[in-house]
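Inspection log for the structure reproduced underneath, given as structure tokens.
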Amino acid sequence: MKIHIKNGHVIDPKNNLNSKKDVFVAAGKIASIGNAPDGFIANQTIDAAGLVVSPGFVDLSARLREPGSEYTATLKTELQAAIAGGITSLACPPDTTPVLDEPGLVEMLKHRAKLLNLAHVYPLGALTRRLEGKLLTEMNALSNAGCVGFSQADNAMTDTLVLWRAFEYAATFGYTIFLRAEDYYLAQNGVAHDGEIASRLGLKGIPAAAESLAIASILRIAQQTNTRIHLCRISSAEGVELIRAAKKNGVQVSADVSTQHCHLTEMDIGYFNAHANLKPPLRSTRDKNALCQGLKDGTIDAICSDHTPVNDDAKLLPFAEAEAGASGLELLLPLALKWAVDNKASVADAIAKITSHPAHILNIAAGDLSVNANADIAIFNPQAEWKVQASQLKSQGKNTPFLGQSMLGQIQYTLLNGQLSFQKN
Amino acid sequence: MHNPQLDIDGKLKHLLTIEGLPKRILNQILDTAETFVGVAERDIKKVPLLRGKTVCNIFFENSTRTRTTFEIAAKRLSADVINLNVGTSSQSKGETILDTVDNLIAMHADMFVVRHAQSGAAHFIAQHVPDNISVINAGDGRHAHPTQGLLDVFTVRRYKPDMHNLRVALVGDVLHSRVARSEIHALTTLGVPEVRVIAPKTLLPADVEKLGVQVFHDMKNGLKDVDVVMMLRLQNERMTGALLPSAQEYFRTFGLTQEMLNHAKNDAIVMHPGPMNRGVEIDSSVADGSQSVILPQVTYGIAVRMAVMAILGGRQSAGERNTALQAASSMAPGGIS
């Protein structure tokens, strides 16, 4: 299969490409950019005039709900949502049922995803058995089964000694640990940022210090044990500041922020809107601005969807009882582009945050259009406006605080392994 | 964002929280309550304003006092009253809030009085009921207890009519108190210039000063020259969560004794939403003393709840009349031609 993508504007941050060029795909790989290889005869031509051609997006966190919560979502529906959102590679956290703490489960997930052939799935293995924070998992076996890193998902790690040893053990093999930093006790039962809004609404707060205290300990342990650490879903200005300082001091740390936290604040809870019940909680405007600034100056490396499909019944409850999380695969592109517009960054900056940077963090071959790289490609119209409607989302999770809002930027085509796997009708 | 408590004409549709309600509506409720104070003193304590209406008390969290006062208020307005203690029935069988509410809607209730342990529960229910049903929040988590806030300012207004010239202090567990939040909003909306909170730092919510109050951590300074002292209930479980060391130490530092009360103005009044913990937040001699208006609060509570129900019921009836008129007028042309 040979595909000629013509007249598109190619943006490939890793290779510093940002101009109008044709892309030639053959045998599942990028054959060349610019001029056709000798003797190239396309089976299929895609006219990308007026469109941007970029590497397929890489999402650092998408819950697919398999195994265990097929009632909420299935691998098939969520990977269809991913591909419709231009996402060709994604990492999924280990908090499935059962937890991804056994190589067999990881192999099964990888196998089922491969059969669907919709997007590449990169599981994060559980750092501790059953995510209980007590006993280490067989990280080496899990890595051999396909795990690209190890994580506690949203589960706490209260025992500092276990945390320290998990870091040392992971560092033995050079694995990256992915942690959402949150002090268990300060965050216990909390559902909103501990500030004016939570006080007014009578919601139990989670102070920003719950994040910064945990980040401070994690960074110190990472430094002492020489472990590569990725901090997930940063939510506070204090957190950004700590990471900025740690990077200056040479700690091997990277960080991401969710699309929700780039654009929303505690104010968006409004009158107890359960779609704004997120982990970590939406914080103040000052925090949001610091996150956006941190993305711009490189303190925060990547934007992720933090895709968490929740079924309607689990959201149809009073705020604190509703299940936390937002569906986000299909909004990753427009919300990354909006970050760029709002913060005077370039489209290429936004694309880097959802392609080459997350690929680097996951240490996977993805997120660029180098010759001979896998032809995973997103082709989108940056000017197309569309409205977020539950009925239009491919994900089984219709839960997003952006429902009803207008988005700028829409995927027209997605290629996976050199095959057209999504086309907007 | 549209205020879910008001209808399109700016009239009260649900009573969910005091926050965001305009002063004119608070005054309308308080003025209406004045007219009901006399009803209780008559031989026949009933007015027919809600005759034929069904008021449903749905208590997802147990309460005797509040539920009883709502029940009396509804009955004095001639409504039929159904009491549902969901805490002990459907919810324990796994039924969701909405299922419970939907069932009651299907039974044609006109008004829901709702108490729930989660903040926002009343808003949640109000969002899911049809337009002709009104929801009254009888307490949701730590968020709001608007009829309590209203009856408290009603009491203040009766004893200290010049609201624009008052100093009011709230004492105690503001963090966990829906009553405190409703009182603060009611007082500030009605133009009380100085509202203070007096509490240890462990019992104050984050950024509490942004609610428009001055913060004090000692009783002497906090009570100095105040006209009204509003005590808050301290629940015993606060001792176990490392919020306070002991009831004794709390009483010694933040309990209201006559000696402490003497720092307030000579004619200051003392209020408490009940139920009281004597010897924990308030000394019995103060609770039963000459400055206490705690029992009048209870009496006025019924008048205020009658006022809220009458106003909401009046809106419903007006709506029915309009619909009937519209139905009549839309039929007329067809009939003539």
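The values are calculated or read from the model by the stated rules, or taken from the named source; none is laboratory data. The model shown is predicted, which means the values in this text are computed figures rather than measured ones. Cβ coordinates were reconstructed from backbone atoms using ideal geometry, including for glycine residues, and neighbour counts include every protein chain displayed. Note: accessible area is taken over every heavy atom of the protein model, side chains too, but ligands, DNA and RNA are not part of it. Shrake-Rupley method; radii C 1.70, N 1.55, O 1.52, S 1.80 Å.
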**OP:** Give B:54, B:68 a once-over and let me know the one that is assigned by TED's automatic domain parsing to the domain that holds residue B:123, within 30 Å of residue B:187 (Cβ to Cβ) and at pLDDT 90 or above.
**Re:** B:68
Original post:
Would you pick out the residues in the stretch B:111-159 that are outside the structural domain of residue B:191 (by TED's automatic domain parsing), of a type in the set (Asp, Glu) and modelled with pLDDT of 95 or more?
Top reply: B:140
**OP:** Inspect the stretch B:20-39 for any residue being open to solvent by less than 30 Å² (accessible area, probe 1.4 Å), touching a residue at least 40 places away in the same chain (Cβ under 8 Å) and within 14 Å of chain A (Cβ to nearest Cβ) and give the result as yes or no.
**Re:** yes
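Looking at this structure, is residue B:42 within 17 Å of the chain's Cα centre (by Cα), farther than 23 Å from residue B:132 by Cβ and away from chain A (no Cβ under 14 Å)?
no
The rows are residues; the columns are (1) small (Gly, Ala, Ser); (2) within 13 Å of chain A (Cβ to nearest Cβ).
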site: B:73; (1), (2): yes, no
site: B:77; (1), (2): no, no
site: B:106; (1), (2): yes, no
site: B:112; (1), (2): no, no
site: B:127; (1), (2): no, yes
**OP:** Could you list all residues from the stretch A:258-276 that are within 14 Å of chain B (Cβ to nearest Cβ) and in a helix (DSSP H, G or I)?
**Re:** A:266, A:267, A:268, A:269, A:274, A:275, A:276
**OP:** Tell me, please, whether a residue that is modelled with pLDDT of 95 or more and in contact with a His (Cβ under 7 Å, 6 or more places away or on another chain) can be found in the stretch A:88-95.
**Re:** yes
Subject >> Condition broken by residue A:279, with the remaining ones in (1) within 14 Å of chain B (Cβ to nearest Cβ); (2) under 23 Å from residue A:156 (Cα atoms); (3) surrounded by fewer than 23 Cβ atoms within 10 Å (Cβ to Cβ) satisfied >> reply: (1)
Original post:
Within the stretch A:156-205, can you find the residues that are closer than 17 Å to residue A:234 by Cα and open to solvent by 50 Å² or more (accessible area, probe 1.4 Å)?
Top reply: A:182, A:184, A:186, A:194
Original post:
Taking the condition touching a residue at least 40 places away in the same chain (Cβ under 8 Å), crowded, with 18+ Cβ neighbours inside 10 Å and under 18 Å from the mean Cα position of the chain (by Cα), does residue A:358 pass?
Top reply: yes
**OP:** Being part of a helix (DSSP H, G or I) and crowded, with 20+ Cβ neighbours inside 10 Å narrows it down to one of A:222, A:255, so name that one.
**Re:** A:222
**OP:** Answer yes if at least one residue in the stretch B:150-158 is under 19 Å from residue B:301 (Cβ atoms), in a helix (DSSP H, G or I) and open to solvent by 10 Å² or more (accessible area, probe 1.4 Å), and no otherwise.
**Re:** yes
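Can you pull out every residue in the stretch A:191-206 that is assigned to a helix (DSSP H, G or I) and within 7 Å of another protein chain (Cβ to nearest Cβ)?
Scanning the stretch A:191-206 gives A:196, A:198, A:199, A:200, A:201.
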Original post:
Name the pairs whose Cβ atoms lie under 8 Å apart, with the first residue in the stretch B:200-220 and at the interface with another protein chain (Cβ under 9 Å from one of its Cβ atoms) and assigned to a helix (DSSP H, G or I), the second open to solvent by less than 50 Å² (accessible area, probe 1.4 Å) and among the small types (Gly, Ala, Ser), and 6 or more positions between them or separate chains?
Top reply: B:208/A:199; B:210/A:199; B:211/A:199
**OP:** Give, as residue ranges, the strands (runs of 3 or more DSSP E) completely inside the stretch A:1-87 that count at least 3 residues that are closer than 18 Å to residue A:376 by Cβ.
**Re:** A:2-6, A:9-12, A:23-26, A:29-33, A:52-55, A:57-59
